[in-house]
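Read the structure below first, then the notes.
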Amino acid sequence: MLSILFVDDEPRILEGIQRMLRPMRGEWSMRFVASGPAALEELARAPAEVVVSDMRMPGMSGADVLEQVRQRWPDAVRIVLSGQADEGLVARVVHCAHQFLGKPCEPEALKATIRRACALRAMVADPALRRLAGGIDALPSVPALYHELMAIMADPAAAIADAAAVVGRDPAMSAKLIQVVNSGFFGLRRKVTLTVDAATLLGMDALRALVLGEHAFKSMTGESTLADELWRHSSAVAGACRAIARAESASKSIADQAFMAGMLHDVGQTLLETRVGTTYAALVHQTRAHDIRLDTAEQALLKASHGPLGGYLLGLWGLADDIVEAVAHHHEPSRAGSAVFGPLAIVHVADALLDAGAGGRLDGAYLASIGVAARVPDWTSLVETGRAGSP
């Protein structure tokens, strides 16, 4: 039975949550405490798989509680449920919480968030791997730029120019944006040099993917020896995903999700390098030199594979299920049980065609099962043309 601890200094709030979740008593073991110190005492007595905390509490804030949970019980899913907070406290919470839910929160939204977090835990079944994913300092931190873009998207009066202005404040991010849009996969007849033009061509959802990808490869790896090549490969895969989706007349939603998943499909490698360091970099280079599947070598040496780990991270960040699925299973799409042409198939094909050595293998049986195997030669030509046209 799933163990959940709720922390809030207002007794009426705790009573309300308890009433709201009473139908879940057959599935969840729920405990309710009214302070940070009480929460830590309760967890020391019996750890919980999920901790849901208010943010503003006297003495010990929700940020303090979740930071202690992160350090002492790193495999626990950490959720903030709060109605108000100052900017400084929010800035602290994004470094120790996986998700942020506002009060009042609808019962179904809270249930869905907790259930989804638990499904993600099942994806990474080994507790040691969950500790690896949950304990890395930078893991839960979605960049401030991403939050700003999400706020712009939520504003009906906002335009893509507003998003471009936000991105434009970060010179490195602006350069990445322009670089991606000018790649051969976009097939532009003229070179784009302005951030606003590049943002308009890319679109808001793809822009969010770019921000998350650049942040992941830059800040989560420290002194990484792989970050630059991961960025180059991932941005190329994202571009190829966009080209394949357009060639198949996929919906805008599928195209955007495929681009985002393509940009983030190797984010699990940053987790493994963070923990294993030069050993992991050496493993990556060895698989390329000997044409060995990377995920197979990872599993043999580390008992972990970057696909599921990356999917776990993105799920904790709250990304859409189709994106999580595409990232988690991009090397072995048959394992996902998905029987339609969507982001998973697109990312699998784009990654395999661009990375024929280290792990790049097309799953012909899977592609045949969803009725698209005959399209591979056209996609191959599309990807080769895009790669040839990229700087």
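The values are calculated or read from the model by the stated rules, or taken from the named source; none is laboratory data. Fair warning: this is a prediction, and the values are worked out from it, not measured in the lab. Glycine gets a Cβ as well: all are built from the backbone with ideal geometry, and neighbour counts include every protein chain shown.
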Would you tally the residues in region 229-252 being within 17 Å of the chain's Cα centre (by Cα) and among the hydroxyl-bearing types (Ser, Thr, Tyr)? 2
How many of the residues in region 30-45 are outside any strand (DSSP E or B) and either of a type in the set (Phe, Trp, Tyr) or not assigned by TED's automatic domain parsing to the domain that holds Met57 (or both)? 0
Scanning region 55-74 residue by residue, those of a type outside the set (A, V, I, L, M, F, W, C), more than 19 Å from Arg115 (Cα to Cα) and assigned to a loop (DSSP other than H, G, I, E, B) turn out to be Arg56, Pro58, Gly59, Ser61
Could you say which residue among Met20, Met24 is within 20 Å of Phe100 (Cβ to Cβ) and touching a residue at least 24 places away in the same chain (Cβ under 8 Å)? Met20
Can you pull out the residues in region 317-335 that are among the small types (Gly, Ala, Ser) and crowded, with 17+ Cβ neighbours inside 10 Å? Ala320, Ala326, Ala328
For His348, only one of the following conditions fails: (1) modelled with pLDDT of 85 or more; (2) in contact with a helix residue (DSSP H, G or I) (Cβ under 8 Å, 6 or more places away or on another chain); (3) in a loop (DSSP other than H, G, I, E, B). What is its number? (3)
Of these, Arg208, Arg189, which one is modelled with pLDDT under 80, outside any loop (DSSP other than H, G, I, E, B) and assigned by TED's automatic domain parsing to the domain that holds Gly311? Arg208
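Mind checking which residues of region 320-339 are in a loop (DSSP other than H, G, I, E, B), modelled with pLDDT under 85 and either out of contact with any Leu (no Cβ under 8 Å at 6 or more places or on another chain) or outside the structural domain of Asp355 (by TED's automatic domain parsing) (or both)?
Going residue by residue through region 320-339, those that are in a loop (DSSP other than H, G, I, E, B) are 320, 329-332, 337-339.
Checking which are modelled with pLDDT under 85 leaves us with 320, 337-339.
Within region 320-339, Ala320, Gly337, Ala339 meet the criteria.
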Just give me the residues in region 296-307 being crowded, with 21+ Cβ neighbours inside 10 Å and in a helix (DSSP H, G or I), in sequence order. Glu298, His306, Gly307
State all residues of region 173-192 that are out of contact with any Lys or Arg (no Cβ under 8 Å at 6 or more places or on another chain) and touching a residue at least 40 places away in the same chain (Cβ under 8 Å); if no residue qualifies, say none. Met173, Lys176, Gln179, Val180, Ser183, Gly187
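Quick grid of which residues meet (1) without any contact (Cβ under 8 Å) to a residue 60 or more places away in the chain; (2) touching a Pro at 6+ places or on another chain (Cβ under 9 Å); (3) of a type outside the set (Gly, Ala, Ser); (4) within 19 Å of Ser234 (Cα to Cα):
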residue: Val284; (1), (2), (3), (4): no, no, yes, yes
residue: Ala289; (1), (2), (3), (4): yes, no, no, no
residue: Leu294; (1), (2), (3), (4): no, no, yes, yes
residue: Ala300; (1), (2), (3), (4): yes, no, no, no
residue: Lys303; (1), (2), (3), (4): no, no, yes, no
residue: His306; (1), (2), (3), (4): yes, no, yes, yes
residue: Gly311; (1), (2), (3), (4): no, no, no, yes
Take Arg72 and decide whether it is basic (Lys, Arg) and at pLDDT below 75. no
Kindly evaluate Tyr280 against the criterion of being among the aromatic types (Phe, Trp, Tyr) and either in a loop (DSSP other than H, G, I, E, B) or surrounded by fewer than 24 Cβ atoms within 10 Å (Cβ to Cβ) (or both). yes
Could you say whether any residue in region 38-57 is at pLDDT below 90, within 26 Å of the chain's Cα centre (by Cα), of a type outside the set (Asp, Glu) and within 30 Å of Met150 (Cα to Cα)? yes
Identify, please: which residue in region 212-235 is at pLDDT below 75 and assigned to a helix (DSSP H, G or I) and is, among those, surrounded by the most Cβ atoms within 10 Å (Cβ to Cβ)? Ala216
